[in-house]
Structures are given as C-alpha cells and as structure tokens.
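Worksheet: the structure to be examined is printed underneath.
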C-alpha cells in the first residue's frame, strides 16, 4: 500500500510529539482519513472549510458502564 504524506507546520509536529506515549496517533489518523474519504465520495465538492471533525462518545454495546 502506498504511503501518503502531507506537510505539517513545525508547531503541529511538536504538539503531536508531545502527546502522551499511550495515545496511538496512527489509529486516530486512520479513522479520520477513512471518514474523510467516505464524505468526499458522497460529496466530491466538499471544501476543507466545510469539513468539521467532532468527538462523539461511543456507546458501550454491552450496556455496561
């Protein structure tokens, strides 16, 4: 599989590196890219300023808390 890269600002790079070591950044990026591609497939005219990422707490399917 091809790897894609995009330039990021140094400040953002430092913020990513400062995240706690237990945060699996790649997992978050995979999910974000998957959602982004799905949205672009639905609406190819989507512009970056109209794409908003929000956080939603996942419901526990077992009903446990």
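Each reported figure results from applying straightforward, stated rules to the coordinates on display, with no laboratory input. None of the values given here were measured: they were computed from a predicted structure. A quick note on method: Cβ atoms are made from the backbone with ideal geometry, for glycine too, and the neighbour counts reach across all protein chains shown.
Exactly one of (1) within 13 Å of the chain's Cα centre (by Cα); (2) surrounded by fewer than 10 Cβ atoms within 10 Å (Cβ to Cβ) is unmet by residue 31. Its number? Every condition holds for residue 31 apart from (2). Filtering the range 1-40 to residues that are more than 19 Å from residue 54 (Cβ to Cβ) and in a helix (DSSP H, G or I) leaves 10, 11, 12, 13, 14, 15, 16, 17, 26.
Taken over the range 39-65, the criterion of being within 16 Å of the chain's Cα centre (by Cα) and surrounded by 10 or more Cβ atoms within 10 Å (Cβ to Cβ) is satisfied by 39, 40, 51.
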